[in-house]
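Have a look at the structure below before the remarks.
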Amino acid sequence: MTRHAAALGRYEVRLLLWLLEQCGDRAQVPVPTGDFALRQNKPALGVAAVVEALQERGLVQAHEEGELPPPDAELTSEGLARAHELAGERGDLAALQRYTEDALLDWAHEQERTGHRPRLKEFFVSEQVFFHGSPLSQSEVEGSARFLCQAGLLTVSGGTVADRVSLTPAGRRCAAEGCGVSEHLTREPAPASIHVEHVEGDFNVTYGNVVRFVDTIREHAPGLDLDAERLDRLMRDTEELRRTGALPQQRGTQRTLTARICEQLSAAPNSAAAQALLHTIGPVLTRLLG
């Protein structure tokens, strides 16, 4: 997720996305924010504070002109770009899951520093439960908690939302680094190695290899001319591979996902782009298929 120094609050995100809808996808179009206050059931002064916070970041420009709050606001060029980024990430499974992993770990770290050992369900009343202004679902949080436990960063005493959460020593190191779960795991080759004995040369594929493999596919996928359903399936399979790539005990799942991804790429309408992508990822693809 975006680290705390640049993180936006839930109402800041909601206002940016709402302004994007209201301004016709253009910067420097003043929009009255009174309707936003009504939709969010937020007092006018509260919305004025959100506008001010975004203005301090250079994302909006307020137009008060002596009127009662909340003021009119327009997206700056930077604000328009940020709103587009947020809108895109809202529908991106990878962005959501990476955010949830980071948010859970950061939350557990904050709780530990206060001397509190929380139950997982307490996460749902924290500010971190909001991804780009929308609350995470229970299944999303539980799935990320399971991944963090399997990756050796978190423990949940009984595996349910009613059970207590603790950081492992590795989880504390990850939280202290502040670089995010995926980045941390790419630096931890010992628990994240995938040992492939029956490939000639006896290779070790690290989690970092898997993340780069997944990110390369995601970067080039829009050029494969897949329809929306097939593109979504490819994105979901690559994101699931990213998670299982940190877990050597799921070698069979890794092979199945890799084979499915390979089939999808081979059948892409833009065969030239697909072949170029397969050539790029070929070495790691071969090792993951085993």
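Summary of values
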read-out: Matching residues in the stretch 221-240 - criterion: being open to solvent by 90 Å² or more (accessible area, probe 1.4 Å) and part of a helix (DSSP H, G or I); value: Pro222, Glu229, Arg233, Arg236
read-out: Complete set of residues in the stretch 241-270 that are part of a loop (DSSP other than H, G, I, E, B) and of a type in the set (A, V, I, L, M, F, W, C); value: Ala246, Leu247, Ala267, Ala268
read-out: Where Gly180 falls short, out of the listed (1) out of contact with any Asp or Glu (no Cβ under 7 Å at 6 or more places or on another chain); (2) within 25 Å of Tyr11 (Cα to Cα); value: (1)
read-out: Only one of Ser144, Ser166, Ser134 that is polar (S, T, N, Q) and under 26 Å from Cys23 (Cβ atoms); value: Ser134
read-out: Residue in the stretch 80-88 that is more than 19 Å from the chain's Cα centre (by Cα), more than 24 Å from His184 (Cβ to Cβ) and of a type outside the set (Gly, Ala, Ser) present; value: yes
read-out: Subset of the stretch 15-26 [open to solvent by 20 Å² or more (accessible area, probe 1.4 Å), in a loop (DSSP other than H, G, I, E, B) and either among the β-branched types (Val, Ile, Thr) or within 20 Å of His132 (Cα to Cα) (or both)]; value: Asp25
read-out: Check on Thr33, under 28 Å from Gly178 (Cα atoms) and at pLDDT below 95; value: no
read-out: For Val29: the one exception among (1) touching a His at 6+ places or on another chain (Cβ under 9 Å); (2) surrounded by fewer than 16 Cβ atoms within 10 Å (Cβ to Cβ); value: (1)
read-out: Residue in the stretch 247-262 that is farther than 24 Å from Gln150 by Cα and open to solvent by 10 Å² or more (accessible area, probe 1.4 Å) present; value: yes
read-out: Residues located in the stretch 124-156, provided they are over 13 Å from Thr168 (Cβ atoms), among the hydroxyl-bearing types (Ser, Thr, Tyr) and without any contact (Cβ under 8 Å) to a residue 24 or more places away in the chain; value: Ser126, Ser137, Ser139
read-out: Residue satisfying all of: in the stretch 107-125; over 12 Å from Val165 (Cβ atoms) and not hydrophobic (A, V, I, L, M, F, W, C); surrounded by the most Cβ atoms within 10 Å (Cβ to Cβ) among these; value: Arg113
read-out: Residue that is surrounded by fewer than 21 Cβ atoms within 10 Å (Cβ to Cβ), modelled with pLDDT under 90 and small (Gly, Ala, Ser), where the choices are Gly58, Gly46, Gly88; value: Gly88
read-out: Residue selected from the stretch 135-164 under the condition open to solvent by 50 Å² or more (accessible area, probe 1.4 Å) and within 14 Å of the chain's Cα centre (by Cα), by the criterion nearest to Ala94 (Cα to Cα); value: Glu140
read-out: Evaluation of His132 against (1) at pLDDT below 90; (2) loosely packed, with under 15 Cβ neighbours inside 10 Å (one fails), failing number; value: (2)
read-out: First in the stretch 249-273 and within 20 Å of Pro222 (Cβ to Cβ), second anywhere and open to solvent by 50 Å² or more (accessible area, probe 1.4 Å), Cβ under 6 Å, 6 or more apart; value: Pro269/Asp225; Asn270/Asp225
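The values are calculated or read from the model by the stated rules, or taken from the named source; none is laboratory data. Here the structure is a predicted model, which is why all the values come from computation and not from measurement. For neighbour counting, all protein chains shown are included, and Cβ atoms are generated from backbone atoms with ideal geometry for every residue, glycine included. All accessible areas refer to the heavy atoms of the entire protein, side chains included, with ligands and DNA or RNA removed. Shrake-Rupley method; radii C 1.70, N 1.55, O 1.52, S 1.80 Å.
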